[in-house]
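To start, the structure under review is shown below, and the notes come after it.
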Amino acid sequence: MIWKIFLFLLISFVSIAGITFPIVATPAHWYEFPLIMGLGENAKIIFFHVPTAWLTVVAFFMSTVYSIKYLRNKDIVDDIKAHTSAQLGMIFCILATVTGAVWAKFAWGSYWSWDPRQTSIFALLLIYGALFALRSAVEVEEKRATLSSVYSIIAFVTVPFFIFIMPRIMRGLHPGSADDTNAGPVVNFKMNGNMLLIFFLSLIGFTILYYWMWYVGYKSMLYKEKLNKQYH
Amino acid sequence: MSAYALFKKDLASELRMRYAINSLIMFIVVTISVILFSIGNEKISDFLSGGLFWVVIFFSAMSGLSRAFVSEEERGTTLTLQLIASPTTIFSGKLFFNLILVFAMNIVVALLYSALFDAFVLKNLPLFLYAFVLGNIGIAIASTLIASIIAKASSKGTLYPVLSFPILLPLMLTLIDLTKQAMDGTTFETSYIELAVLGCYDVVMIAASFLLFDFIWKD
């Protein structure tokens, strides 16, 4: 119970601070953010968009970890955990895509411009979609668990190409791209202490939120399975 | 039973039935003619013709390569294969067959394409050939593994491109980029990273495939 209250306070603080703290050219007080050239007020999305994108990958990673566990032990609980994580990942992936597109409309002038980062989040969306299509095409429970585990591992192997390699070797508009000169690698040196602190608090808050959602999700799925078995 | 024996068996049955070869050739002709019709008398840019080249290859691969495992499942010979050979042998044999098929298919596409499209001129041919070979290997590996997955699922035909596209996407994006560079005539030094990405992709995929195939194959 105590950590739920802690999470509530953390997320509330991050939301309020992230939206209301002013951006000024030379920060003098602890509640002022520095001005990043080329981003301006748009920079504030980092507190909400980056955590969703981060959770998209974390959820996928968790799903892969439990897929590997399933293939080792053939315990159906692991498959349920992996599936719940994939469902949450899909939600966060859609959130990251939509918030990113809205931000791009104001920062770059169009909702979608096939920037390498946009391509990679789109690929993740496709992977999640393919995973659910595969699950619905196999009827036998064990077979479905095995095939979707294998697919999520093979898909996870391609993720480093999208997330770490493509955006760095291809030219793009996203902060942190190969030819980015004005907005720079934002995380490294353009953010000052308080901005970094709130950014990392937001990451922590969203990660705990994900963990909580995942826990509730797989527990409820387990009970559903149990009830199904009792009445059939 | 060795992987080579399995390859010979697949080749013999393919030459007898000519299922994959016939449908692949017709598919290539149909796809290229659809593109030609839709272009009409328009002048298309060089970069677009390079991208369309890989579109033809992707969809041709999706139409023919799933046969490797689906045909075993349809004929009901999966169980026999499981009894007489280890999973690694099966995968090697099927992969070798698909490699030959992909190379044959893509060479036909490349020849037809460069004959029919005036805009498709490669200034740095060796660079394109390196990309072509590495790309074909990657396509063959990924599509063989996905074929073994969908052979066990229902609605095989539609599921195959859906599952393959995200896996092949990093490969396709790099190949399209490299084709553009080969058409611009860039040197090997500038395109080194892209070629390295292709090599990494092939190695990663082949390692993952051999590790994971055991789990797909064993019921």
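The values are calculated or read from the model by the stated rules, or taken from the named source; none is laboratory data. Bear in mind that the values here come from a model prediction, so they are computed numbers and not experimental data. All Cβ positions, even for glycine, are placed from backbone atoms using ideal geometry, and neighbour counts span all protein chains on display.
Taken over the stretch A:115-166, the criterion of being more than 7 Å from chain B (Cβ to nearest Cβ), crowded, with 19+ Cβ neighbours inside 10 Å and not in a helix (DSSP H, G or I) is satisfied by A:ASP115 alone. Scanning the stretch A:215-230 for residues that are under 17 Å from the mean Cα position of the chain (by Cα) and either modelled with pLDDT under 85 or surrounded by 19 or more Cβ atoms within 10 Å (Cβ to Cβ) (or both) turns up nothing. Close contacts from the stretch A:41-68, counting a first residue that is closer than 30 Å to B:ALA208 by Cβ and a second that is part of a helix (DSSP H, G or I) and among the acidic types (Asp, Glu), with Cβ to Cβ under 7 Å and a gap of 6+ residues or different chains, come to A:TYR66/A:ASP78.
In the stretch B:164-219, the qualifying residues are those that are over 30 Å from A:LEU134 (Cβ atoms), among the hydrophobic types (A, V, I, L, M, F, W, C) and out of contact with any Leu (no Cβ under 8 Å at 6 or more places or on another chain), and the one that is farthest from the other protein chains (Cβ to nearest Cβ) is B:ALA196. Just checking, does the stretch A:27-48 include any residue being loosely packed, with under 13 Cβ neighbours inside 10 Å, of a type in the set (A, V, I, L, M) and at negative phi? Scanning the stretch A:27-48, I find at least one residue that is loosely packed, with under 13 Cβ neighbours inside 10 Å, of a type in the set (A, V, I, L, M) and at negative phi, so the answer is yes.
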